[in-house]
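J.: What follows is a structure written as structure tokens; I'll ask about it next.
The values are calculated or read from the model by the stated rules, or taken from the named source; none is laboratory data. These numbers were taken from a predicted model, which means no experiment stands behind them. As a convention, Cβ positions derive from the backbone with ideal geometry for all residues, glycine included, and neighbour counts pool all protein chains shown.
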Amino acid sequence: MAVQKYPDANLSIAERVAALVGEMTLDEKIGQMTQVEKNSIPPQDVGKYFIGSVLSGGGGYPQPNTPAAWFDMVNSYQEYALNTRLAIPILYGVDAVHGHACMNGATVFPHNVGLGATRNAELVRQIARATAEELAAVGIFWNFAPTVAIPQDIRWGRTYEGFSENTELVARLGSAYVRGSQGEQLDAPSSVLATAKHYMGDGGTPWKTSQTWNFLLDQGDTRLDEPALRKIHLPPYISAVQGGVMCVMPSYSSWNGLKMTAHKYLLTDVLKGELGFEGFLVTDWNAVPQLSPDYFQAVVLAVNAGMDMVMVPYDYKQFISTLRDAVQRGDVTERRIDDAVSRILRVKMLLGISGRPSVHPTSFSEVGATEHHSLARRAVRESLVLLKNDAHTLPLSRDIRTVLVAGKGAHNLGMQCGGWTIEWMGIDGNMIPGTTILQGIKNKLLAHTQVIYTQSAELSGAEAEALSSSPVDIGIVVVGEAPYAEGVGDREDLGLSADDIALIEWVRSKCHKLIAILICGRPMIITDQLPLMDACVCAWLPGQEGEGIADVLFGDHPFTGRLPYTWPRRMAQLPFDFQHLGEGDQAPLFTYGFGLPTKSA
């Protein structure tokens, strides 16, 4: 009879959860607390071990990488979950941090650093809504986003995942993302569970405090007193909880020497107790083994601290047997297990995933929908920050005689999109749909304009001869960062590469007016190159809609973006002391909030 209460819509969710938990065996409960990476588990083991969640990490796409294949992959696991004794569905999770960019054909929006430059919470909400629609179209109802970190040192490789260095702005945009993803009702057909991450202080780690791989900042130790931690890093989680977020992912990082995954005070006392968070906590990828060389002790520490679901992600059998042993030995109480499972089941019931209609091929039209591309193009336009504009170089006229466009980034969707695009570390080249910056520029110019493009300062034939005879009217050079993700992107030097510097100097010698476009996940050191530029535009990591950049270059829309991060004059200024930024030559090159405006042509 208890099992029959589970699908009874006449009962409250609390009653349904209590009835289901009361019916479950210990193995069924522990299975719900287990999340496994999709390449590490055959679908039949989802049923055998009562697994609660499966995920795709960066690059975790099916073959072929199509919406239909994604749907079939997700449902291959779901079918086994629904054929278990209690028919509890899995939650399938992905990192759709700038659209579901792991899926070829999905809309790829600007990364959060660009959205921070827009200051537009309603735009962020709409982007989250569009992302949710594309996820739900393929049967995915859990997104590991938004990142609500407050990056305090832009050398961090995850800076671009943060909206800003400013706590208030991050809290405002992060809560807007949660609202957009989860919608008005969490069980609506296209509502998707949001995840506020990475709780907390991940953006405040000092230089070389990381003990992971060769990282320099990522997963380090945030060394602050509690008032400072609460003032800088806690407000986005307060806003997210108030906005209804039902999942929080703790950080790999530590606070004063204790890993967040084991921090009972911050996870249980503060988040679940003080803030009243009613959802569940999920660890980051394979975070538990970092807690202790003794795996048993690591599992006990994490679960007793308040972790509800563990992203294993590989050896789920070891995790399950270890946690079972910990409960049987009394190191983890059944009460703690029941609390964790109740939180997970409550969210699943709020999502209504067991009663959602099956996705059918017509739903795939949501993926890469025209209106989503239009939204992405608008986001690109609003994210651009004009750093320099001597003699009203911008906006450009369409009636230009000759244009030289240079730089690998001018015709490379992979570089435009950055990390977390198809692969964890991103891609190189134009293997996904979209419009490059070069294509966008060409689409704006009149038919008689001669456009010369080169990746480097090397040309031959007629184009080289043309450049040697007289300068072109406009030179546009696109330089910046190749794709990266997480601690792999931690950088000691944020200067432009030697090749990029040489390219800027070469284009300067070939044109009357030079416009530089920076493709980057954070401010870069451009102090020595800035005098060579007549105009300089920071485009961040704009995603697949390069035409949005051309829209603003040619004055169809004005520049309105403002810096979400303070821009250094030299590397020695990092990390900034935001209370004492200095003056004159000691001041930043550009302050937080800087951005030159223009009017539409």
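J.: State all residues of the stretch 39-61 that are free of Cβ contacts under 8 Å to residues at least 60 places away in the same chain and surrounded by fewer than 17 Cβ atoms within 10 Å (Cβ to Cβ); if no residue qualifies, say none.
T.: Step one: of the stretch 39-61, the residues free of Cβ contacts under 8 Å to residues at least 60 places away in the same chain are 39, 42-44, 46-48, 50, 54, 56, 60.
Residues satisfying the conditions are N39, P42, Q44, K48.
J.: Looking at the structure I just gave you, is I519 more than 19 Å from the chain's Cα centre (by Cα) and of a type outside the set (S, T, Y)? Explain how you work it out, then say what you get.
T.: Values: more than 19 Å from the chain's Cα centre (by Cα): no; of a type outside the set (S, T, Y): yes.
No; evaluated as a whole, the condition is false for this residue.
J.: Considering each of Q219, Q185 in turn, give the residue that is under 29 Å from I140 (Cβ atoms), without any contact (Cβ under 8 Å) to a residue 24 or more places away in the chain and in a loop (DSSP other than H, G, I, E, B).
T.: Numbers: Q219 fails: without any contact (Cβ under 8 Å) to a residue 24 or more places away in the chain.
Among Q219, Q185, only Q185 is under 29 Å from I140 (Cβ atoms), without any contact (Cβ under 8 Å) to a residue 24 or more places away in the chain and in a loop (DSSP other than H, G, I, E, B).
J.: Okay, next question. List the residue pairs whose Cβ atoms are under 6 Å apart, where the first residue sits in the stretch 65-80 and is in the same structural domain as I41 (by TED's automatic domain parsing), the second is part of a helix (DSSP H, G or I), and the two are 6 or more positions apart or on different chains.
T.: Sorted first by the residue in the stretch 65-80, then by its partner, the pairs are P67/F364; S76/P43; Y77/P43; Y77/V46; Y80/P43; Y80/Q44; Y80/V46; Y80/G47.
J.: Another question, if that's okay. Could you count how many residues in the stretch 280-317 are in a helix (DSSP H, G or I) and on the phi > 0 side of the Ramachandran plot? Explain how you work it out, then say what you get.
T.: Applying the first criterion (in a helix (DSSP H, G or I)) to the stretch 280-317 yields 288-291, 295-305, 316-317.
The next check asks that each one be on the phi > 0 side of the Ramachandran plot; those that pass are none.
Qualifying residue count, the stretch 280-317: 0.
J.: Here's a follow-up. Would it be correct to say that T449 is over 26 Å from G595 (Cα atoms), of a type in the set (S, T, Y) and not assigned by TED's automatic domain parsing to the domain that holds E161? Working first, answer last.
T.: Working: over 26 Å from G595 (Cα atoms): yes; of a type in the set (S, T, Y): yes; not assigned by TED's automatic domain parsing to the domain that holds E161: yes.
Yes; evaluated as a whole, the condition is true for this residue.
J.: Could you say which residue among A101, A19 is buried (at least 17 other Cβ atoms within 10 Å of the Cβ) and without any contact (Cβ under 8 Å) to a residue 24 or more places away in the chain? Outline the logic, then answer.
T.: Values: A101 fails: without any contact (Cβ under 8 Å) to a residue 24 or more places away in the chain.
The match here is A19.
J.: Can you pull out every residue in the stretch 318-341 that is assigned to a helix (DSSP H, G or I) and farther than 21 Å from V54 by Cβ?
T.: Taking the stretch 318-341 first, the residues assigned to a helix (DSSP H, G or I) are 318-328, 334-341.
Residues satisfying the conditions are D325, A326, V327, Q328, E334, R335, R336, D338, D339.
J.: What are the pairs, 6+ residues apart or on separate chains, where a residue within the stretch 463-481 that is over 15 Å from M415 (Cβ atoms) and at pLDDT 75 or above has its Cβ under 8 Å from a residue that is assigned to a strand (DSSP E or B) and among the hydroxyl-bearing types (S, T, Y)?
T.: Taking only residues 6 or more apart or on different chains, the pairs are V472/T402; D473/T402; I474/T402.
J.: I'm told L115 meets every condition in (1) outside any loop (DSSP other than H, G, I, E, B); (2) over 18 Å from the mean Cα position of the chain (by Cα) except one. Can you identify the failing condition by its number?
T.: Here L115 meets the rest and fails (2).
J.: While we're here: Look at the stretch 273-302 and say how many of its residues are buried (at least 21 other Cβ atoms within 10 Å of the Cβ) and closer than 20 Å to F144 by Cβ.
T.: Residues in the stretch 273-302 being buried (at least 21 other Cβ atoms within 10 Å of the Cβ) and closer than 20 Å to F144 by Cβ: 10 in total.
J.: Tally up the residues in the stretch 431-447 that are crowded, with 18+ Cβ neighbours inside 10 Å, hydrophobic (A, V, I, L, M, F, W, C) and under 12 Å from N412 (Cα atoms), please.
T.: So the answer is 3.
J.: Go through (1) closer than 19 Å to L541 by Cβ; (2) in contact with a Phe, Trp or Tyr (Cβ under 8 Å, 6 or more places away or on another chain); (3) not aliphatic (A, V, I, L, M) one by one and return the number of the condition G139 breaks.
T.: (1)
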